[in-house]
Amino acid sequence: MTLPRVERNTERAIPQERDASVRSALYTFEIYVGKDFCEYETAAITRTLKIANEVLGGPVFHWRYVSETPGLLNGDCGMIVRAEPVVKDHELSDVLIIVGGHSGGDAQWFSRLRQMTRISRLCVLLSDAATAYIKRTKSPAGKVTTHWRDALSLTETGDHPNLTNSLSEKSGSVITAAGTGATEELIISLLLPQLSTSDVSELSNRLVLPMVRTAHADQPKDITKLPALSDTRVRSAVKAMEDSLEMPFNIYELANDIGVSTRHLERMFKDVFNQTPARFYKQLRTKRARALVEDTQLSMMEIAVATGFGSSSSMNEAIKKEYGVTATKMRARR
């Protein structure tokens, strides 16, 4: 899932000579954007490439924005980029990156993806774009992944046996990835053939990354992965809750399973989460219900059953109390 390696001058003492040598090693990245693109991922890509060029002492990596609707485009939070038009089979880059956000989910980029894959060029699909790809291809031959929240809706609405919880997966020349906060690490992994160990260290330090996770590292999708949960009994309790959202059990059963009294379980949750286990459990189920309301076409009754609520009205009441809006309005607002 990396770029091919080329020989380059590693002498850092003479910047002029280094610039001359690395220009012949130019790699091009095409960043596909559209209206309401994900600004976070877009900035992470370009910032990582920019700093990588600074670390290597020359313009090794070049990027441009492209779109089916070229011109000035607004991101999902107001950022503006100027995108060039996508011309069929013209100016194909070494790597195509489809960012998430509304434009990633629209999948207008599929024709560009097919052009790239026909000549075995690398295509990277981030978050919403990865989700759109998985939906459209139905059952991709190789492993795929996307942001864990989208994975929830995918598993509820279809059979995706090759869907994993990894930060990224490569199948042929297509990489699907969680995107968002793992975007910088993904870009670094693509650049590895052009970076020495010290280059990677300097690049990650400049990006203020505490560590660079591997592509197959698990996404921190649930609260049990939080370092703050050092008490194994609390971790076990939360894990049991997350595994039983559709068939809730009472707190007495939970306390008995992890070997503590109900009162002691309540004290532990009060210390860690500042709320009762029952309240925490209901929040988990309500959070899952919100994700299914916003990201799927399941009926309200189906979502209520999938999240352990006795009826759509009780689920709706819980959502309104937690988020200040009914499930129906939440779906309409989407």
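Every number in this text was worked out from the coordinates using simple rules, so none of it is lab data. Everything quoted here is computed from the prediction, not taken from an experiment. Counting neighbours? That spans all protein chains shown, and the Cβs are built from the backbone with ideal geometry, glycine included.
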*Rounded to whole Å, sorted largest first: equivalent-ellipsoid semi-axes of segment 208-334, Cα gyration tensor*: 27, 22, 13
_Debye log10 I(q)/I(0) for segment 243-304, one point scatterer per Cα, at q = 0.12, 0.14, 0.24, 0.27 Å⁻¹_ = -0.37, -0.48, -0.97, -1.11
*Using only the Cα atoms of the chain, construct the convex hull and provide its projected area averaged over every direction, in square nanometres to one decimal.*
19.4
*Kindly express, to the nearest 10 degrees and within the range 0 to 90, the angle between helix 128-137's C-alpha long axis and the longest C-alpha principal axis of the chain.*
90
*Summing Lys, Arg as +1 and Asp, Glu as -1, what charge do residues with Cβ under 12 Å from the Cβ of residue 70 carry, residue 70 excluded?*
+1
*Give me the lysines in straight-line cross-link reach of residue 320: C-alpha distance below 20 Å, same-chain residues under 8 apart excluded.*
282, 287, 329
*Evaluate the Kirkwood expression for the hydrodynamic radius of segment 177-281, namely the inverse of the mean inverse distance over all pairs of different C-alpha atoms, and round to one decimal in Å.*
16.6
*Pairs 239/321; 35/170; 50/135; 170/239; 35/239: which are spaced more than 31 Å apart, C-alpha to C-alpha?*
50/135; 35/239
*asked:* Loop-only trypsin sites (Lys or Arg not before Pro) in segment 58-128, please: DSSP not H, G, I, E or B, and at most 15 other Cβ atoms within 10 Å.
replied: 88
